[in-house]
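A.B. asks: If you scroll down you'll find the structure; I have some questions about it.
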Amino acid sequence: MAVAHGSKDPRAAASTEGLLAVTRARAAGLNVRTAFLDHAAPSLPQVLGSLAPEHSRCVVVPLLLASAYHAKADIPGQIAKIRSACPGLDVVLADALGPHPALLAALDQRLGEAWGGPRSETSVVLAAAGSSDPAANAVNAALAPRLRALGGWRRVVTAYASAASPAPAEAVAALRGDGPVIVATYLLAPGYFADKIRDTSLAAGAAAVSAPLGAHPGAADVIIGRYRSENLRFRTDHRVPLVTRVPHTG
């Protein structure tokens, strides 16, 4: 079961289903379903409630790139209500997907798909969604030196599409004049934030902007890994459904 944040942009749901199709292919037999926190149906309570007669346990994997409000408060609150309404259903919340080395490698691959110039002469703006939670932003900021070391880039700085600064366009402008500047879209799905990052970055002079991670096998492997880690806590031979979600995209 996959629980996405949901978006008014249909590309977001299509991207989520593409990622989950890869997840199913890489973990044959895993029971993966889809639900949404907002803007689309079915909701997380609806899908979890439908499991109660059929399953006794469920793992919820937040498909988030950093642990912020949705992972810390929103999803746990909804799970608590389901536990009260369906006492026979054991729901466990796994860690958010990020940070994870496989996601960083996927991000670097997306950059390579968007830009073929010399890496040692190219600076990168790592553009995340942004959060009002400073701890979540700090997690993303810590990825910059790791991405630079992984990809051999000239410089890597972090920027945010909302709720924090600098904005991607501001970061691009600050790096221009010191070689080409490209932007890494550190989002799981297309939508409002991805469009905002692309459009404002290109207007500011970015040479290229990578696509969101989307249905990357590395992201699918992290989903499976989070599920299996929590599933080890269950002493049962029955298949445990998987619940995932994606960050807000518009």
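Read the figures in this text as sums done on the coordinates, not as results from a lab. Everything numeric in this text was worked out from a predicted model, so none of it was measured. Positions of Cβ are generated from backbone atoms using ideal geometry, with glycine treated the same way; all protein chains shown enter the neighbour counts.
A.B. asks: If the viscosity is 0.692 mPa s and the temperature 37 °C, what Stokes-Einstein diffusion coefficient in µm²/s follows for segment 1-119 when Rh is the Kirkwood radius over Cα pairs? Each step should come with its number before you reach the end.
C.D. replies: Numbers: Rh = 15.8 Å.
Calculated translational D: 208 µm²/s.
A.B. asks: Among the aspartates and glutamates, which fall within straight-line cross-link reach of Lys81, defined as a Cα-Cα distance under 20 Å, with same-chain neighbours fewer than 8 residues apart omitted?
C.D. replies: Of all the aspartates and glutamates, those that pass the test against Lys81 - Cα under 20 Å, at least 8 places apart if same chain - are Asp38, Glu54, Asp90, Asp95.
A.B. asks: Which lysines, on any chain, are close to Lys8 with Cα under 20 Å apart, when same-chain ones fewer than 8 places away are left out?
C.D. replies: Lys196
A.B. asks: Relative to the compact globular guide of 2.2 N^0.38 Å, what is the alpha carbon radius of gyration of the chain, as a ratio?
C.D. replies: Details: Rg = 18.5 Å, N = 250, 2.2 N^0.38 = 17.9 Å.
Taking the Cα Rg and dividing by 2.2 N^0.38 Å, one obtains 1.03.
A.B. asks: May I ask for the Kirkwood hydrodynamic radius of segment 97-143, worked out over all distinct Cα pairs and given in angstroms to one decimal?
C.D. replies: 12.1
A.B. asks: A further question on this structure: Using Cα pairs closer than 8 Å and at least 6 residues apart in sequence, work out the relative contact order for the chain, in percent. Mind dumping the intermediate values first?
C.D. replies: Values: 526 pairs, mean separation 79.7, N = 250.
Computed value for the chain: 32 percent relative contact order.
A.B. asks: Please report, largest first and rounded to whole Å, the three semi-axes of the ellipsoid equivalent to segment 67-216, where each semi-axis is the square root of five times an eigenvalue of the C-alpha gyration tensor.
C.D. replies: Numbers: eigenvalues 215, 47, 33 Å².
Rounded to whole Å, the semi-axes are 33, 15, 13.
A.B. asks: Cα convex hull of segment 1-43: mean projected area in nm², to one decimal?
C.D. replies: Working: hull surface 10.5 nm².
Projected over every direction and averaged, the Cα hull of segment 1-43 covers 2.6 nm².
A.B. asks: Can you run the Rg to Rh ratio on segment 136-226? Use alpha carbon positions and the Kirkwood inverse-distance Rh. Walk me through the numbers on the way to the answer.
C.D. replies: On the way: Rg = 13.4 Å, Rh = 13.9 Å.
We get a ratio of 0.97 for segment 136-226.
A.B. asks: Going by average Cβ density within 10 Å per residue, which order do the peptides 185-196, 86-97 take, highest to lowest? Don't skip to the end; give the middle numbers.
C.D. replies: Numbers: 185-196: 24.7, 86-97: 18.0.
By packing density, highest mean first, the sequence is 185-196, 86-97.
A.B. asks: Below 8 Å between Cα atoms, with a sequence gap of 6+, how large is the relative contact order for segment 89-158 in percent?
C.D. replies: Working: 55 pairs, mean separation 27.0, N = 70.
Value for segment 89-158: 39 percent.
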